[in-house]
Amino acid sequence: MRFFEGMSIDEIIRLANAEKPKVFSPSVSECYGIFPGFADVHVHLREPGFCYKETVESGTRAAAHGGYTDVCSMANLNPVPDSLGTLSPQLEAIKKNAVIGVHPYASITVEEKGEVLSDMEAMAPFVAGFSDDGRGVQSEEMMRAAMVRAKKLGKIIVSHCEVNSLLNGGYIHDGEYARTHGHKGICSESEWRQIERDIALLRETGCAYHVCHVSTKESVALIRAAKAEGLDITCETAPHYLVMNDSMLREDGRFKMNPPIRGEEDRVALLEGVLDGTIDMIATDHAPHSAEEKSKGLAGSLMGVVGIETAFPVMYTLLVKEGILPLEKLIDLMSVNPRKRFQIPDHGSFCVWDLNAEYTIDPKQFLSMGRATPFDGMSVYGRCILTVRGGKAVWMDI
C-alpha cells in the first residue's frame, strides 16, 4: 500500500505498473492510494438462472468499479451447481463474460435442499469451496458428512448459519424497531446456535470451515473461543453490520437482508471482532434483485442488498477517517486475508483510489443491475479511478 502527494495520476499509474506496491506507509497522506486488488469471498452473480437481477458481466464490472479483482460467487443459482453438469453453465459464463477473476462455490447438498450431498469429488478441482448459502444445513448428520468429505478433498466449507425452526416468519432483527413498528423479528439465536453446532462438528472432523455474514455478538464470542482452541475456522462480516444498527432501519426494502442488521451491542461486538482478529475479512454479500422485488417494504421485499461498489468508500469514510480502524487493517480485511484463506492469487492486481474525492452514493451510477443499498444518499470519501488485474485495466475513471 502506498500513498502519493504532489504527483499526477499518470505518474502514479506508471509507478504502480512498475512496482505494484504492497508496502505499508508509516504515515498516511490522504491523496491517491494504491492498494492490492480487493477480493470478495461472498457475492451473488445470479447467472445462470436469474439474469434479470445480475449477470456475470454486470456483476464483475461492478466489482472492478469497487476495486475488486477477484470474487467468489455463491451457488444459489438455477441450476444449482451440485454436479459437474450443473456447474458447467456457470463456468462457461465466467470464462466468456467475467472481466475479473471469479471463483465459484459449488453447493454442499443437491439443490441446496440439505438432504443429499452434492457430487463434491467431481466439482472440487473447479471451485473455491462448498456452500449452501441462502440456507443453513439443518441436519447435523449431513453437515458432519460434508465436513468429512471436504476435509478429504482439501476444500473449505462456507456456511450460511441459520436454524429454520427459530425463524418464526421473521424478516428483520428481533429488536426494538421490530417491536415498535409491528414487524416479525429474527432472533439472534437462529444464527449463533448453528455456529455452535458446527464448531462442535469442526472439533470432530478438522475440516477447514468459514462462517458467512456474521451479525451477532454471540457469534463473535463463539468464533473467538474456537480460534483460541486452535480450530480451523474463519469468518466474515459485511459493511452494513459494522456501521448500522436496527434503529437506523426504514420502511424500505433496501434495508432488508439476511441476516438482518442487528442491535447496537451486536455492531460494537463486530467492530471489536474486526479489531482483535476474530473476524478475518469483510465481504459484501452483494445480492442484487430487481426493482420490483425490492419495492415491497420490509415485510414484502426479497432479502438482499448490493454492496460491491460501496464497500471501500463506506468503510474508509465511517471507520478509517473516524479513527476506528487503521487503513492497513482495512486492506488486510478486504484483500490480504481473503486471498490467503481461499488461496486466491493476486496476479499482480491493484487498484488506485482518489481518497480526497467526496461524493454522494447514487445507485443510478452503479454498474450492477441491482440498486437496493442502505447507503443510498450517504456522503462518502474515496473514488476508485483504476483497477488493474494481470496487467490489464478492468476499470478506469480518469
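With respect to (1) touching an Asp or Glu at 6+ places or on another chain (Cβ under 8 Å); (2) touching a residue at least 24 places away in the same chain (Cβ under 8 Å); (3) open to solvent by 30 Å² or more (accessible area, probe 1.4 Å); (4) not polar (S, T, N, Q), the lone exception for A311 is condition (3).
Residues are listed down the side, and each one gets a yes or a no for (1) among the β-branched types (V, I, T); (2) open to solvent by less than 40 Å² (accessible area, probe 1.4 Å):
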residue	(1), (2)
I199	yes, yes
L202	no, yes
C207	no, yes
L222	no, no
A238	no, yes
E251	no, no
F255	no, yes
I279	yes, yes
K294	no, yes
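Residues that are open to solvent by less than 10 Å² (accessible area, probe 1.4 Å) and of a type in the set (A, V, I, L, M) within the stretch 47-92 comprise V56, A62, A63, A64, V71, M74, A75, L87, listed in sequence order.
Matching residues to (1) in a helix (DSSP H, G or I); (2) among the hydroxyl-bearing types (S, T, Y); (3) without any contact (Cβ under 8 Å) to a residue 60 or more places away in the chain; (4) touching a His at 6+ places or on another chain (Cβ under 7 Å):
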position: I261; (1), (2), (3), (4): no, no, no, yes
position: D266; (1), (2), (3), (4): yes, no, no, no
position: A269; (1), (2), (3), (4): yes, no, yes, no
position: E272; (1), (2), (3), (4): yes, no, yes, no
position: T278; (1), (2), (3), (4): no, yes, yes, no
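From the residues in the stretch 345-396 that are polar (S, T, N, Q) and assigned to a strand (DSSP E or B), which one is surrounded by the most Cβ atoms within 10 Å (Cβ to Cβ)? Selected residue: T387. Residue pairs whose Cβ atoms lie under 6 Å apart, sitting 6 or more positions apart in sequence or on different chains, and linking a residue in the stretch 123-146 that is closer than 12 Å to P104 by Cβ and in contact (Cβ under 8 Å) with a residue 24 or more places away in the chain to a partner that is among the aromatic types (F, W, Y) and open to solvent by less than 10 Å² (accessible area, probe 1.4 Å), are V127/Y105; A128/Y105; G129/Y105; S131/Y105. Of all the criteria given as (1) within 21 Å of the chain's Cα centre (by Cα); (2) under 30 Å from L386 (Cβ atoms); (3) open to solvent by 40 Å² or more (accessible area, probe 1.4 Å); (4) not polar (S, T, N, Q), the one not satisfied by F126 is (2). Every test in (1) open to solvent by 10 Å² or more (accessible area, probe 1.4 Å); (2) in contact with a Leu (Cβ under 6 Å, 6 or more places away or on another chain) is passed by D232 save one, and that test is (2). Collect the residues in the stretch 77-96 that are assigned to a loop (DSSP other than H, G, I, E, B) and in contact with a helix residue (DSSP H, G or I) (Cβ under 6 Å, 6 or more places away or on another chain), keeping them in residue-number order. P79, V80, P81, D82 - these are the residues of the stretch 77-96 that are assigned to a loop (DSSP other than H, G, I, E, B) and in contact with a helix residue (DSSP H, G or I) (Cβ under 6 Å, 6 or more places away or on another chain).
Go through the stretch 137-155 and count every residue that is out of contact with any Ser or Thr (no Cβ under 7 Å at 6 or more places or on another chain), open to solvent by less than 70 Å² (accessible area, probe 1.4 Å) and not small (G, A, S).
Going through the stretch 137-155, the residues out of contact with any Ser or Thr (no Cβ under 7 Å at 6 or more places or on another chain) turn out to be 138-141, 143, 145-146, 149-150, 152-155.
Going one step further and asking which of them are open to solvent by less than 70 Å² (accessible area, probe 1.4 Å), we end up with 139, 143, 145-146, 150, 153-155.
Narrowing the set further to residues that are not small (G, A, S) leaves 143, 153, 155.
So the answer is 3.
Within the stretch 97-155, the set of residues being outside any loop (DSSP other than H, G, I, E, B) and of a type in the set (S, T, Y) comprises Y105, T109. Among the residues of the stretch 304-323, write down those that are under 25 Å from S159 (Cα atoms) and touching a helix residue (DSSP H, G or I) at 6+ places or on another chain (Cβ under 9 Å). Passing the criteria: V305, V306, G307, I308, E309, T310, A311, F312, M315.
Considering (1) under 19 Å from the mean Cα position of the chain (by Cα); (2) on the phi > 0 side of the Ramachandran plot, the lone condition that P374 does not fulfil carries the number (2). Quick one: would you say H44 is closer than 16 Å to D285 by Cα, open to solvent by 40 Å² or more (accessible area, probe 1.4 Å) and in contact (Cβ under 8 Å) with a residue 60 or more places away in the chain? Here the answer is no, as H44 does not meet what is asked. Being under 18 Å from L325 (Cβ atoms) and open to solvent by less than 10 Å² (accessible area, probe 1.4 Å) is a property that does not hold for V243.
The values are calculated or read from the model by the stated rules, or taken from the named source; none is laboratory data. Note that the structure is predicted; figures quoted are calculated from it, not measured. Please note: Cβ atoms are built from the backbone with ideal geometry, for glycine as well, and neighbour counts cover all protein chains shown. Just the protein is used for accessible areas: all its heavy atoms, side chains included, with ligands, DNA and RNA removed. Shrake-Rupley method; radii C 1.70, N 1.55, O 1.52, S 1.80 Å.
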